[in-house]
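What follows is one structure encoded as structure tokens, with my remarks underneath.
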């Protein structure tokens, strides 16, 4: 399960900070309500008296979207969309324990977190510019083709697992009740992004091991070290069930 950003992405967005986690042993039985509530409280504190658009993390992604030729108020990065919804409803829909937890952490950090079912990805996964032939499965069931030059998460079979970089994930690799192995990717563009990504990835790993009997592997990515290739040397996941 190799993951990387293309060299062109690092060249065009030198401010990018990225990290990834790979975990085997996920199931849908974990109880994460208390942890989700904890990260909601962190988000509440950050949003006190300001809007999501005022956060430096969101402003940086808005600038990146503008550089990609996108209107940032029409196409929003995932955490801005989550924060806007959370500000109105004071909670997010329950989807899967892992997705709920990562969405709550994304709210708290205001940083995009992609959670992908690794078993539904074919070969290496790369963040790169689309050539226009990729296939994107929308949650409506329709198949779309990203525009040429659009930033996508593309696998070796030509499947786009995200469109407009951090705007929308694909239904194809969305976490399902039977998901057991996941790739989690976090990306930031703001000035303190490097430190925040390190903190976020450490947080994700700690939360995973707190709620699931998982084996994990993590990496901080850069232009000099862009490749994350977990799973080959990882020990087998511990048997299912909650830790004592």
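Tell me, what is the FRET efficiency for residue 171 and residue 48 to the nearest 0.05, using R0 = 45 angstrom and their Cβ-Cβ distance as r? Intermediate results must be reported in sequence, preceding the final value.
Values: r = 35 Å, r/R0 = 0.77.
After rounding, the FRET efficiency stands at 0.80.
Residue 28 label point, 7 Å along Cα→Cβ, cut-off 11 Å on backbone N: hits in the stretch 95-123?
What the label zone holds, given the 11 Å backbone N cut-off, is 95-97.
Mean projection of the alpha-carbon convex hull of the stretch 48-107 over all orientations, in nm²?
Projected over every direction and averaged, the Cα hull of the stretch 48-107 covers 4.5 nm².
Between residue 11 and residue 178, take the C-beta separation as r, use R0 = 45 Å, and let me know the FRET efficiency to the nearest 0.05.
Approximately 0.70, to the nearest 0.05.
Using only the Cα atoms of the stretch 1-86, what are the Rg and Dmax in Å?
Radius of gyration, then largest Cα-Cα span, for the stretch 1-86: 16.3, 42 Å.
How big is D, in µm² s⁻¹, for the stretch 42-171 by Stokes-Einstein at 25 °C and 0.890 mPa s if Rh is the Kirkwood radius over C-alpha pairs? Write down the numbers at each step before the final one.
Working: Rh = 15.5 Å.
So the translational diffusion coefficient is about 159 µm²/s.
List the pair-distance distribution P(r) of the stretch 3-221, using every Cα-Cα distance, as the percent of pairs falling in each 10 Å bin from 0 up to the bin containing the longest distance, rounded to whole percents.
Binned Cα distances yield the sequence 8, 35, 40, 16, 1.
Which percent, to the nearest 5, of DSSP beta bridges fully inside the stretch 3-221 are antiparallel?
Counting DSSP beta bridges with both partners in the stretch 3-221, the antiparallel share is about 90 percent.
Take peptides 132-138, 50-56 and line them up by average Cβ neighbours within 10 Å, highest first, as a rough protection proxy.
Put in order of decreasing packing, that is 132-138, 50-56.
May I ask you to compute the full-extension gain from residue 63 to residue 89, defined as 0.36 nm times their residue separation minus their alpha-carbon distance, rounded to one decimal in nm?
6.7 nm
Considering only C-alpha atoms, what is the centroid distance from the stretch 146-221 to the stretch 44-108, in Å?
Cα centroid to Cα centroid, the span is 15 Å.
Please compute the length gained on full extension between residue 143 and residue 199, using 0.36 nm multiplied by the number of residues separating them and subtracting their Cα-Cα distance. Intermediate results must be reported in sequence, preceding the final value.
Values: separation 56, 0.36 × 56 = 20.16 nm, distance 3.59 nm.
Difference between extended and current length: 16.6 nm.
Read the figures in this text as sums done on the coordinates, not as results from a lab. Quantities reported herein were computed from a predicted structural model and do not represent experimental measurements. Here Cβ is always computed from backbone atoms with ideal geometry, including for glycine, and neighbour counts include all displayed protein chains.
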